[in-house]
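The values are calculated or read from the model by the stated rules, or taken from the named source; none is laboratory data. Computed from a predicted structure; not experimentally measured. No Cβ is skipped: glycine too gets one built from the backbone with ideal geometry, and neighbour counts run over all protein chains shown. Each accessible area value is taken on the protein alone, full model and side chains, heavy atoms only, with ligands, DNA and RNA left out. Shrake-Rupley method; radii C 1.70, N 1.55, O 1.52, S 1.80 Å.
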Amino acid sequence: MSGLAAVLAGRHAPGVHRWESALDVASVRHAAEHAGWGFGYVDGVGLDARDDVLRALGDALAFPDHYGANLDALNDCLRDLPGPTVLLWDAWSGFARAEPRWFRLVVEVLGDRGAADPAVEVLLRGPGPAEVVPLLG
């Protein structure tokens, strides 16, 4: 968990990273919450369509009912998160392979946080296209 620990401790900039870890979801949640970060989880198995992924992201991050499940709404709701947040996204590669353009756009929105926005660390766990995002070491 050293890469995640570095993010949680402020020694590594948060962003979108591939993450190789066998930790169970509860352990990742515990680590994030123990460090004062929020936590969301997406089980990406079977999520290969843009609309399904956007809805799953909204559910995982407890976005309000008015969340529009589009890129603008995703960006707006990420700005409204109550604090720094870790999003663990297992089995992300189905979406990355089925809709590579939309996957890149979603990753861009997830990773494009301004200085005034709450920090978001997205952990893409599981095999997938290696060139898409850097590995969190």
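Odds and ends about this structure:
- Failed item, numbered, when Ala56 is tested on (1) in a helix (DSSP H, G or I); (2) without any contact (Cβ under 8 Å) to a residue 24 or more places away in the chain; (3) within 19 Å of Leu135 (Cβ to Cβ): (3)
- Selection count where residues are without any contact (Cβ under 8 Å) to a residue 60 or more places away in the chain, in a loop (DSSP other than H, G, I, E, B) and either open to solvent by 60 Å² or more (accessible area, probe 1.4 Å) or β-branched (Val, Ile, Thr) (or both), scope the range 97-132: 5
- All of (1) without any contact (Cβ under 8 Å) to a residue 24 or more places away in the chain; (2) open to solvent by 50 Å² or more (accessible area, probe 1.4 Å) hold for Ala6 with one exception: (2).
A quick yes/no check of all residues on (1) at pLDDT 95 or above; (2) open to solvent by 30 Å² or more (accessible area, probe 1.4 Å); (3) part of a helix (DSSP H, G or I); (4) in contact with a helix residue (DSSP H, G or I) (Cβ under 7 Å, 6 or more places away or on another chain):
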{"site": "Val28", "(1), (2), (3), (4)": "yes, no, yes, no"}
{"site": "Gly36", "(1), (2), (3), (4)": "yes, yes, no, no"}
{"site": "Gly40", "(1), (2), (3), (4)": "yes, no, no, yes"}
{"site": "Asp51", "(1), (2), (3), (4)": "yes, yes, yes, no"}
{"site": "Ala62", "(1), (2), (3), (4)": "yes, yes, no, no"}
{"site": "Pro82", "(1), (2), (3), (4)": "yes, yes, no, no"}
{"site": "Leu87", "(1), (2), (3), (4)": "yes, no, no, yes"}
{"site": "Phe95", "(1), (2), (3), (4)": "yes, no, yes, yes"}
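- Any hit, the range 67-74, residues being in contact with a Cys (Cβ under 8 Å, 6 or more places away or on another chain), part of a loop (DSSP other than H, G, I, E, B), surrounded by 15 or more Cβ atoms within 10 Å (Cβ to Cβ) and not charged (D, E, K, R): yes
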